[in-house]
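Trainee: Can you keep this structure in mind? I'll have questions shortly.
No lab work stands behind these numbers, since they all come straight from the coordinates. Just so we're clear, the structure is a prediction, and the values are computed from it rather than from any experiment. No Cβ is skipped: glycine too gets one built from the backbone with ideal geometry, and neighbour counts run over all protein chains shown.
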Amino acid sequence: MKCSDHESSAVNPPVRNTFPSHGRTLWEASPVGDPAAEKLRPEAGLPQVSPRKQRQPERGRSFGAKQQMKWFRSLFVLLLSACWWVLLSASASADFEPHENILLTAANFIEGEARQSHDARFEIRVTPGRLDSRLRLRPCEAGLEGFAAPGSRVAGNTTVGVRCLGPVTWTLYVPVQIEVHGEVVVLAHAQPRGTVLTASQVRLEAHDVGTLSAGYLIDLDEARGMVLRRALQAGTVLTPQMVEPPRLVQRGQRVQLLAENESVAVRVEGEALADGARGDRVRVRNLSSQRIVDGVVLSHGVVGVSM
């Protein structure tokens, strides 16, 4: 009957389900065999639309290509910078006086000065310092000349002057280090003040005299017979300030006043008014006339005076 068919359709209407997350509507038919529902079922032969597959880019290959491009670009910039630096260096060497010439002039000059000032047995080595890489001086066509800077030394750290003789004149001061190695006199054993040095109490020892700013002795014969002015330890490098000649005349001592020429010599007794070593000038009172005269110490207890 038509009435029953209508009632069945009204009682069992198609159910519509909506999913809010996707906004899509799915149709279902509760009773199987409902013609209206059968038309909406996917199984009824409706065309199925599958989502379009989008072609994904090959990210790994694209990233590697970009990295290679960056690497080649960096390499190109580096090579270009190196070429530019070489060109600048070549241009600078042609337009300015080479630092090597300046340092060589300073080293040669001070080495000659050091060899004149030190004993020939000493070994001398000169090491010039560094110049500022930014220093640019005009080429010296007339030649470079070294000279002693104010306060310069011939051993240790010092400064040497270098000047250009023309046509454009300039002056520069170069730091140098001078090493002077040789044997100097040292004390063999610890000794108290007032010790008269003998051959067994001194010896020679190699040192860099550039570090001996107070001076040194190089001759054993020069040290023998000298008197220590203060107590010293073994191995001490002897300096002229540490020793003194022995006193041949002491203040208050009775001495012989000697006056002589080519034909006659006169001796009188006197009293020394000061201490003196060989060659020192001292004042002496003539005990015969009570006159005070100046004389030179000649030997132990003998003072020479002029006639």
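Trainee: What ratio of Cα Rg to 2.2 N^0.38 Å holds for the stretch 182-244? It would help to have the intermediate numbers written out before the result.
Mentor: On the way: Rg = 10.4 Å, N = 63, 2.2 N^0.38 = 10.6 Å.
Here the answer is 0.98, to two decimals.
Trainee: Rounding to the nearest 20 debye, state how big the charge dipole of the stretch 99-180 is about its Cα centre with +1 on each Lys and Arg Cβ and -1 on each Asp and Glu Cβ.
Mentor: Working: 9 positive and 9 negative charges, 48 e Å.
Its charge dipole is roughly 240 debye.
Trainee: For the residues Leu80, Leu187, Leu204, what sequence is obtained by ranking on other C-beta atoms within 10 Å, fewest first?
Mentor: Values: Leu80 10, Leu187 23, Leu204 15.
Ranked by crowding around the Cβ, least crowded first: Leu80, Leu204, Leu187.
Trainee: May I ask you to work out the translational diffusion coefficient for the stretch 105-181 at 37 °C, viscosity 0.692 mPa s, via Stokes-Einstein with Rh from the Kirkwood sum over Cα pairs, reported in whole µm²/s?
Mentor: Values: Rh = 13.1 Å.
The estimated diffusion coefficient comes to 250 µm²/s.
Trainee: Relative contact order of the stretch 247-305: what whole-number percent is it, with Cα pairs under 8 angstrom and at least 6 residues apart? Could the numbers behind the result be given before it?
Mentor: Values: 153 pairs, mean separation 20.8, N = 59.
RCO, the stretch 247-305: 35 percent.
Trainee: Work out from phi, with θ = phi - 60° and the Karplus expression 6.51 cos²θ - 1.76 cosθ + 1.60, the ³J(HN,Hα) of each residue of the stretch 282-295, listed in order in whole Hz, and give x for Gly and Pro.
Mentor: With the stated coefficients, the stretch 282-295 comes to 9, 9, 9, 8, 6, 6, 7, 9, 6, 7, 9, 10, 9, x Hz.
Trainee: For Arg153, list long-range residues whose amide hydrogen, built 1.01 Å from N in the peptide plane, is under 5 Å from its own amide hydrogen.
Mentor: Here Thr159 satisfy the definition.
Trainee: How compact is the stretch 247-305 by the rule of thumb for globular proteins, expressed as Cα Rg over 2.2 N^0.38 Å? Intermediate values should be presented prior to the final figure.
Mentor: Values: Rg = 10.3 Å, N = 59, 2.2 N^0.38 = 10.4 Å.
Output field value: 0.99.
Trainee: Please list, ordered by chain and number, the residues whose modelled amide H lies under 5 Å from the amide H of Val202; skip anything fewer than 5 residues away on the same chain.
Mentor: It is Ala188, by chain and number.
Trainee: Per residue of the stretch 121-128, what does 6.51 cos²θ - 1.76 cosθ + 1.60 with θ = phi - 60° give for ³J(HN,Hα)? Whole Hz please, x for Gly and Pro, Karplus curve as stated.
Mentor: Listing the rounded values in order: 6, 7, 9, 10, 9, 10, 10, x Hz.
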